[in-house]
1. Return the residues of segment 192-235 that are without any contact (Cβ under 8 Å) to a residue 40 or more places away in the chain, more than 19 Å from Pro61 (Cβ to Cβ) and not in a strand (DSSP E or B); say none if nothing qualifies.
2. Restricting to segment 70-97, and then to whatever is without any contact (Cβ under 8 Å) to a residue 60 or more places away in the chain and in a helix (DSSP H, G or I), can you tell me which residue is surrounded by the fewest Cβ atoms within 10 Å (Cβ to Cβ)?
3. In the set Gly29, Gly62, which member is in the same structural domain as Cys178 (by TED's automatic domain parsing) and crowded, with 24+ Cβ neighbours inside 10 Å?
4. For Cys108, all conditions in the list (1) in contact with an Asp or Glu (Cβ under 7 Å, 6 or more places away or on another chain); (2) in a loop (DSSP other than H, G, I, E, B) hold save one; what is the number of the exception?
5. Of the numbered conditions (1) at pLDDT 90 or above; (2) under 30 Å from Ile332 (Cα atoms); (3) surrounded by 19 or more Cβ atoms within 10 Å (Cβ to Cβ), Arg219 satisfies every one except a single condition; which is it?
6. Name the single residue that is farthest from Asp209 (Cα to Cα) among those in segment 176-196 being surrounded by fewer than 20 Cβ atoms within 10 Å (Cβ to Cβ) and among the acidic types (Asp, Glu).
7. Among the residues in segment 244-255, are any among the aliphatic types (A, V, I, L, M), at pLDDT 80 or above, surrounded by 14 or more Cβ atoms within 10 Å (Cβ to Cβ) and part of a helix (DSSP H, G or I)?
8. Select, from Leu389, Leu285, the only residue that is in a strand (DSSP E or B) and at pLDDT 80 or above.
Amino acid sequence: MRPLLLLTALLIFCLSNANALVVKAEIKGVIDTVTADYIENVYKEAKELDAEAIIIEMDTPGGLDQSMRKIIKTILNSDIPFIAYVHPEGARAASAGSFILVASHLACMSPGTNVGAAHPVAVGGEGKVSEKIVNDAMKYMQSLAERRGRNISLAVSFVVNSTSITASEALKYGIIDCIAKDYSELLKKLNNRTVEVKEGNVTLDIADDVIEPIEMSAREKFLHLISDPNIAYILLMLGIYGIIFELANPGAIFPGIFGAICLILAFWSFHMISVNAAGVAFIILAIILLVAELFTPTHGLLTAGGIISLILGSLMLINVEKAKFVTMSWEIVAAAAVVTVGFFVLAMGLAVKAHRRKPATGIEGMVGLEGVAKEDIDPEGMVMIRGELWRAVAKDKPIKKGRKIRVVEVRDLTLVVEEVEGGKYN
């Protein structure tokens with residue numbers, strides 16, 4: 001009887017605690033449309049699981065403005081508390097990530113992490129963006145800080161002055177709610193906190209909850225990877241090179257297939273990132289000019305135009321109005337330009353070298369070959385070259401039978417030969 005009672009008690013305990021869980025999502029790397037959809041799906045799944053809270057573990061340099069706003073809309077309209085947690089040590093919530101942290105119902109950081117640096121950026125991370133963009137981002141950050149009762153002036157400074165602060169400074173100045181070195185400490189420190197969600201106030205009872213991680217699907221991970229503007233740009237360059245190799249070597253097949261796949265993936269990624277039409281037009285022009293160089297050699301003129309178009313297109317590619325917190329690496333753009341220049345310089349060098357090289361096959365390829373006079377050549381006679389008999393004429397003076405000769409010219413099917421000084425076959 002006693003074991004039965006214990007089993008019944010254990011079953012009741014398990015059933016009573018079956019829904020006592022916290023869902024965990026992760027934002028790693030660039031925040032893009034895939035990330036936004038992922039967080040929305042996590043929220044829907046958390047509702048089905050009747051989760052008490054959703055933790056977003058963050059380590060991000062920022063990302064797309066539109067995607068960031070979609071995530072924040074999910075948070076602001078949620079009836080489940082969202083907890084932003086910058087973790088592990090060494091992680092950051094920069095740029096768009098700092099907006100998400102400020103917007104969350106509760107915000108925490110691990111020791112050794114930082115938050116801030118949310119000033120909108122141009123391509124490459126340098127240069128000024130319009131005042132309109134900065135003011136829009138500033139007011140958005142201000143409204144979020146007011147909504148969550150966080151330090152408004154410091155939050156706004158993230159945008160206006162690109163201020164970045166440590167975890168201890170964020171706690172001291174009222175940007176976050178706690179510092180926790182791990183999840184166990186996080187749940188204990190946030191236990192019994194009361195937050196306002198869409199349906200009203202909720203008091204967290206999560207100290208002993210199970211954390212249920214929900215990861216991106218394989219499809220989402222792949223799309224998230226190629227949505228990085230730098231990865232998309234690399235795919236674009238690989239696609240260009242693949243198409244050029246295929247056109248330069250018709251029938252190779254693999255370079256063409258590989259290039260086409262890379263181009264399709266690149267343009268899909270750029271569509272997700274929001275690109276500038278002029279930038280795309282310049283890149284397409286660059287492809288046309290570079291391919292034209294292969295078929296209409298202009299001693300580098302078309303190549304120069306293609307490279308200039310490629311660089312201009314790369315710099316104009318990102319639509320800063322729609323992708324305020326996305327940067328493209330100058331190093332990658334420069335490397336692409338250098339590789340392209342190197343490729344076409346090498347290609348043109350090989351073409352010139354091939355043009356200057358004397359023919360190695362056919363009747364013209366006989367020039368320079370040596371053989372032996374099979375009879376006196378005065379002025380005509382027969383010579384043996386590579387085991388073949390040819391009719392030949394002496395260039396300057398008669399040549400005796402058995403002397404070593406060299407072909408200096410070909411006239412129709414008759415060789416013009418001269419005697420090799422000191423050369424005699426026995």
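The values are calculated or read from the model by the stated rules, or taken from the named source; none is laboratory data. All values derive from a computational prediction rather than experimental measurement. Positions of Cβ are backbone-derived with ideal geometry, glycine not excepted, and every protein chain shown enters the neighbour counts.
1. Asn192, Ala207, Ser217, Ala218, Arg219, Phe222, Leu235
2. Lys73
3. On the way: Gly29 fails: crowded, with 24+ Cβ neighbours inside 10 Å.
Of Gly29, Gly62, the one residue that is in the same structural domain as Cys178 (by TED's automatic domain parsing) and crowded, with 24+ Cβ neighbours inside 10 Å is Gly62.
4. Condition (2) is where Cys108 drops out.
5. The number of the failed condition is (3).
6. So, considering only residues that are surrounded by fewer than 20 Cβ atoms within 10 Å (Cβ to Cβ) and among the acidic types (Asp, Glu), the one farthest from Asp209 (Cα to Cα) is Glu196.
7. Restricting attention to segment 244-255, the residues satisfying the condition of being among the aliphatic types (A, V, I, L, M) are 244, 247-248, 252-253.
Applying the additional criterion that residues be at pLDDT 80 or above yields 253.
Adding the requirement that they be surrounded by 14 or more Cβ atoms within 10 Å (Cβ to Cβ) leaves none.
Within segment 244-255, none of the residues are among the aliphatic types (A, V, I, L, M), at pLDDT 80 or above, surrounded by 14 or more Cβ atoms within 10 Å (Cβ to Cβ) and part of a helix (DSSP H, G or I).
8. Working: Leu285 fails: in a strand (DSSP E or B).
Residue meeting the stated conditions: Leu389.
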